[in-house]
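Below: one structure, written as structure tokens.
The values are calculated or read from the model by the stated rules, or taken from the named source; none is laboratory data. None of these values were measured; they are calculated from a predicted model. We place every Cβ from the backbone using ideal geometry, glycine too, and count neighbours over all the protein chains shown.
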Amino acid sequence: MPVFNKSRAFVVKLIILCVFALIIAQLVNLQLVNRKYLELAKDNAVFQKIIYPERGIIYDRKGRAILNNTIMFDLVVTPAEVKNLDTAAFCNLMEIDTAMFRTRIISAIIKNSRMRPSVFQSLLTPEVQARFEENSWRFPGFALQQRPVRTYPYHAGAHFLGYIGEVDAKDIERSGNFYRPGDYAGKNGLEYNYEGVLMGRRGVQYMIKDNRNRLVGHYENGDFDTTAIAGKGLKTYLDVDLQVLAERLMANKVGAVVALDPKTGGILAMTSGPVFNPNDLTGPQKNAHYAKMALDVRAPLLNRGIKGRYPPGSTFKPLGGLVALDEGVITPASGYPCRGGYDACGRRVGCLESWAGHADNLRLAIAHSCNAFFMNAYRLTVDNPEYGDVKRGYEKWEEYMHKLGLGVRLGVDLPSEDKGKIPTVGDYDEDYKGNWSSCTNLTLGIGQDKMLATPLQLANAVCIIANRGYYYIPHFVDSIEEETPADAQALQRYRQRQETLTHISAAAYDAIINGMNDVVTQGTAKVAAIPGIDVCAKTGTAENATVLDGKRIELKDNSMFICFAPRDNPKIAIAVAVENAGYGGTWAGPIARILMERYLLDSLTNKSKADLERIARANLIPWYFERLQYKTDSIRAEQWTKLTKDSTRLRRFLKHAGRPAAKKTDSTGVAMDLPSGKAMLPARKQRTFEPVWAGISLRSE
């Protein structure tokens, strides 16, 4: 019996010992190993407040800020802390319905878990922000978070400055989870291309909350806080006065203006029409404005300076003449007996001049824009016996085009630059079953046929002529604030001279430049003359057509113009394209002259002041856009009506559009409220590209 009692006592002691061991092990686990409950406790008492840094400022060439920062507030939610909430009062304060409230809470949990704060509503209006601050104690789990927001004091530069927006899942994945839900990043333009420089470094403040969810002080006296570091600024070549003037001139027009400094490749102005105020893509109404513009058939969001594809027309003639000179198939003294057209290929291609002698030499042919001379020069180039056949001659001509920056991307520091089009031998072999000659595409000699160029490419080609054979890759950014070796390396490509055609003789360049000067003094661009300044220019009037309702419709010609000034020691080169406007000397020429005067003289003559008022008031939006918009809106409305009849398809559509399912409404209201503005548009191929900062490490916390 005593033995039994001893055994039982031992078992009891062993059980007690094991229980204590388990308790101690769990305490060690909770205190030293498992941080879960510590985090839960901290989440109940400590609020992690993200401090977003001010993004870097972008300055023009004179140090003026062309975009700046202001402060707005996001409303963030931590779903696990939303308890005993008066949902009706909250929805009334935020001006949303309960369905939207539930959708946003669920979306926050899916994107960022129950325990971490997520943006519930971004960029509150001052009125909503004030109402929430007065009632914040009633809504546990919700808090305000400061957000630097871009402002544009000159209301200009929307197409190249770009905009910032909240990162999505793909952005986070591409960044290796550097970005977090609620972060904002550059989505286009310089904001995207220099994101690694402009973004700065986010900070964190840990704040203690009381039992009424109010922030009452710093956790551990701020020992765990990290400081936000502002992004670095960019100094650009842009002249904001010139930019504002260019946008005024391109109001109610479709086209583009690009102005470059030939000696640096710096972009002095880049304007795309229709223009819009960059402030429309910031603040609470950003999504609505974006959607409206994305659904506009005039494509105001498109930067036609780098993506507009235009037949250069007669603005190409100096380039074609330069190539023919270098190939030795013509000389500055070469002429052509033009009598109003070119008939050598069995069909007549007209010329605007028919009087004898207007193309007796290269200089006269440029001054009077003789079509026959330059079509013949093109044929002589590609039919050069040195190459054996037209296809080899054409390949050599195509090589020249690429050296002139046509048919290739120049590498401007903006995303999505278009390379235009210089047709290949393969293109013509496919179209003509391999059986073609220089007569087939002879209008390439006057900048037509399949040739397409962007305004940036044309302005850059003018720089090559002005510099007598070299150029710098066009770019906006001159320098980066507190420039590091990595920053300098990223900008190095823009500081290197591209000597593509410096082998061409000085006599050849003199012939072309003198001809372009004669265009202004006695030829087709007298409208571009500036007293006291030798201007070199070339007008262009490119054929224009569109397809509407399945029919090809001939439109007024595109008005094209290129120029540089002064002739010696050039300081500015400009390319202008105005769609459906007529002769180059009527609209594009005066636009270029006004910009040259403003930049070179810092003032305008009375003639230019009068032209400025005339051009700024003129509405040259092609008429067919109104018809196309009506047709497009009608198709969208019909598609939306069909879609709303099928609830399954509707939910799938809204999910794809990046918007949670919502109650039905009329087609106009919902379509214009889509966050991306793209959901109702046909799918387009997206080109991948690397920003300037691709080789620079993101500045992490």
Using beta carbons and a limit of 9 Å, which pairs, at least six apart or on different chains, have the first residue in segment 142-153 and farther than 30 Å from D86 by Cβ and the second one surrounded by fewer than 21 Cβ atoms within 10 Å (Cβ to Cβ) and of a type in the set (D, E, K, R)? P148/E54; P153/R64
Of the residues that sit in segment 92-103 and are assigned to a helix (DSSP H, G or I) and within 12 Å of R131 (Cα to Cα), which one is nearest to the chain's Cα centre (by Cα)? M94
Kindly indicate the residue of segment 412-448 that is in contact with a Ser or Thr (Cβ under 8 Å, 6 or more places away or on another chain) and in contact (Cβ under 8 Å) with a residue 60 or more places away in the chain and also surrounded by the most Cβ atoms within 10 Å (Cβ to Cβ) among those meeting that condition. I446
In segment 355-452, which helices (runs of 4 or more DSSP H) lie fully inside it and hold 1 or more residues that are closer than 15 Å to G313 by Cβ, more than 33 Å from the chain's Cα centre (by Cα) and aliphatic (A, V, I, L, M)? 362-367, 371-382
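Yes/no per residue for (1) within 26 Å of V390 (Cβ to Cβ); (2) β-branched (V, I, T):
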| residue | (1), (2) |
| --- | --- |
| I446 | yes, yes |
| D449 | yes, no |
| T454 | no, yes |
| A459 | no, no |
| I473 | no, yes |
| V477 | no, yes |
Residue satisfying condition, being surrounded by fewer than 16 Cβ atoms within 10 Å (Cβ to Cβ) and under 25 Å from N277 (Cα atoms), within set I96, I110, I71: I71
Quick one: would you say V197 is among the aliphatic types (A, V, I, L, M), surrounded by 20 or more Cβ atoms within 10 Å (Cβ to Cβ) and either outside the structural domain of G308 (by TED's automatic domain parsing) or modelled with pLDDT of 85 or more (or both)? yes
The conditions are (1) at pLDDT below 80; (2) in contact with a Cys (Cβ under 8 Å, 6 or more places away or on another chain); (3) not basic (K, R), and N112 fails exactly one of them. Which is it? (2)
Here the qualifying pairs (Cβ atoms under 6 Å; residues six or more apart or on different chains; first in segment 62-80 and within 23 Å of V128 (Cβ to Cβ); second in a helix (DSSP H, G or I) and of a type in the set (G, A, S)) come out as V77/A108; P79/A108
From L410, L406, grab the single residue that is under 30 Å from G196 (Cα atoms) and not small (G, A, S). L410
Of A365, A359, the only residue that is touching a Phe, Trp or Tyr at 6+ places or on another chain (Cβ under 7 Å) and farther than 29 Å from L456 by Cα is A359
Looking at D568, D510, D557, which one is acidic (D, E), buried (at least 17 other Cβ atoms within 10 Å of the Cβ) and more than 26 Å from the chain's Cα centre (by Cα)? D557
Could you tell me which of the residues Y470, Y494 is aromatic (F, W, Y), in the same structural domain as I594 (by TED's automatic domain parsing) and out of contact with any Asp or Glu (no Cβ under 6 Å at 6 or more places or on another chain)? Y494
Restricting the search to segment 484-510, which residues are touching a helix residue (DSSP H, G or I) at 6+ places or on another chain (Cβ under 6 Å), closer than 13 Å to L325 by Cβ and part of a helix (DSSP H, G or I)? A508
Within segment 24-65, residues being outside any helix (DSSP H, G or I) and at pLDDT 60 or above number 20
Just to be sure I understand the filter: pairs with C-beta atoms under 7 Å, separated by 6 or more residues or on different chains, first member in segment 163-174 and surrounded by 15 or more Cβ atoms within 10 Å (Cβ to Cβ), second member acidic (D, E) and modelled with pLDDT of 85 or more. Which pairs pass? Y163/E191; I164/E191
